[in-house]
Number of protein chains: 2
Amino acid sequence: MRELPHPPAGDITLAQLMHALSDPARLEIVARLADGDETCLPLGTGLELHKSTLSHHYRVLREAGLTRTTVDGRTRLIRLRRDDLDKLFPGLLDAVLHALTSQAARRASAAS
Amino acid sequence: MRELPHPPAGDITLAQLMHALSDPARLEIVARLADGDETCLPLGTGLELHKSTLSHHYRVLREAGLTRTTVDGRTRLIRLRRDDLDKLFPGLLDAVLHALTSQAARRASAAS
DNA sequence: CGGTCCGTTTGATGATTGTCCAACTATCAA
DNA sequence: TTGATAGTTGGACAATCATCAAACGGACCG
């Protein structure tokens, strides 16, 4: 269970975090990660993006410090870096996740 | 006291908000706004950016729904849209502002 | 009116980005 | 070993972005 390279917690910056969260596809990925660990392929289902594009998004999230990725055979396991993020920026991740669900609910009810 | 055009609260999206917050200069502006309303000129002091660049950042913040701008004579008054943002995404703005101050403190103590 | 001040708008430019495709690596299975 | 599967890497391309410079507009002051 090797690990992909991740930035140390001290190197995580708010600006990079915000940039990683500024793309709709990455926000959708983060929303799915909030429900538990996932591997790359199921994470991308329904996003209609090329697998290399998904891989790119995974790297952006990882290098921003939002996710941690472990290699398991030929699949990767991606999970949110809740511990580090909660320590560095308390309440931020929770607020973002809550914003994601409430925004999804708002959009669903606005679908006339 | 005219008002510049702002997006209605319902049109504010998390992705646009995150994008507006993904630039260090804009984060610094937001941090300064947290202490109270400000006009454009003092907001840019020390940022060493051209005034047109600052104007660009003000517009990005405004169009993302982060700030509200009123025209007062030949100056503009910019303030955070706390009410709308707190209603739409509870805790998000507070978490960002807290992250900004704690990150600034961490950087200051890391300045060897 | 003429000048000054605050900020916006309009290019222009170089850098970054999101996306796809094709080729590649590494793992697992037959 | 051969083939299939999971994901990464590099290149290419159009779009977006941050920045500056120069011109503009409106507001205030003589």
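Each reported figure results from applying straightforward, stated rules to the coordinates on display, with no laboratory input. Worth saying up front: this structure is predicted, and the values here are computed from it rather than measured. Here the Cβ is made from the backbone with ideal geometry for all residues, glycine too, and neighbour counts use every protein chain on show.
When A:His19 is tested against (1) within 27 Å of B:Ala104 (Cα to Cα); (2) assigned to a helix (DSSP H, G or I); (3) more than 11 Å from DNA strand C (Cβ to nearest atom), only condition (3) is not met.
Out of B:Asp94, B:Asp84, one residue alone is more than 11 Å from the chain's Cα centre (by Cα), in contact (Cβ under 8 Å) with a residue 12 or more places away in the chain, surrounded by 15 or more Cβ atoms within 10 Å (Cβ to Cβ) and outside any strand (DSSP E or B). It is B:Asp84. Mind checking which residues of the stretch A:64-80 are in contact (Cβ under 8 Å) with a residue 40 or more places away in the chain and either more than 10 Å from DNA strand C (Cβ to nearest atom) or within 14 Å of chain B (Cβ to nearest Cβ) (or both)? Scanning the stretch A:64-80 gives A:Ala64, A:Gly65, A:Leu66, A:Arg68, A:Thr69, A:Thr70, A:Arg76, A:Leu77, A:Ile78, A:Arg79, A:Leu80. Among the residues making up the stretch B:22-65, a single one is over 13 Å from B:Arg79 (Cα atoms), within 13 Å of the chain's Cα centre (by Cα), part of a loop (DSSP other than H, G, I, E, B) and among the charged types (D, E, K, R): B:Asp23. Output the residue which, of all residues in the stretch A:69-80 that are within 9 Å of the chain's Cα centre (by Cα) and more than 9 Å from DNA strand D (Cβ to nearest atom), is surrounded by the most Cβ atoms within 10 Å (Cβ to Cβ). For the stretch A:69-80, the residue satisfying everything is A:Leu80. Residues that are within 24 Å of B:Ala95 (Cβ to Cβ), among the polar types (S, T, N, Q), within 13 Å of another protein chain (Cβ to nearest Cβ) and away from DNA strand C (no atom under 13 Å from the Cβ): does the stretch A:87-102 have at least one? There is at least one residue in the stretch A:87-102 that is within 24 Å of B:Ala95 (Cβ to Cβ), among the polar types (S, T, N, Q), within 13 Å of another protein chain (Cβ to nearest Cβ) and away from DNA strand C (no atom under 13 Å from the Cβ). Residues in the stretch A:1-50 that are within 17 Å of A:Ala95 (Cβ to Cβ) and among the polar types (S, T, N, Q): A:Ser22 only. Take B:Ser52 and decide whether it is near DNA strand C (Cβ under 10 Å from one of its atoms), of a type outside the set (Phe, Trp, Tyr) and within 8 Å of chain A (Cβ to nearest Cβ). For B:Ser52, the condition - near DNA strand C (Cβ under 10 Å from one of its atoms), of a type outside the set (Phe, Trp, Tyr) and within 8 Å of chain A (Cβ to nearest Cβ) - is not met.
Mind listing just one residue for me: the one in the stretch A:16-38 that is within 15 Å of B:Leu14 (Cα to Cα) and within 13 Å of DNA strand D (Cβ to nearest atom) and, of those, farthest from the other protein chains (Cβ to nearest Cβ)?
Result: A:Ile29.
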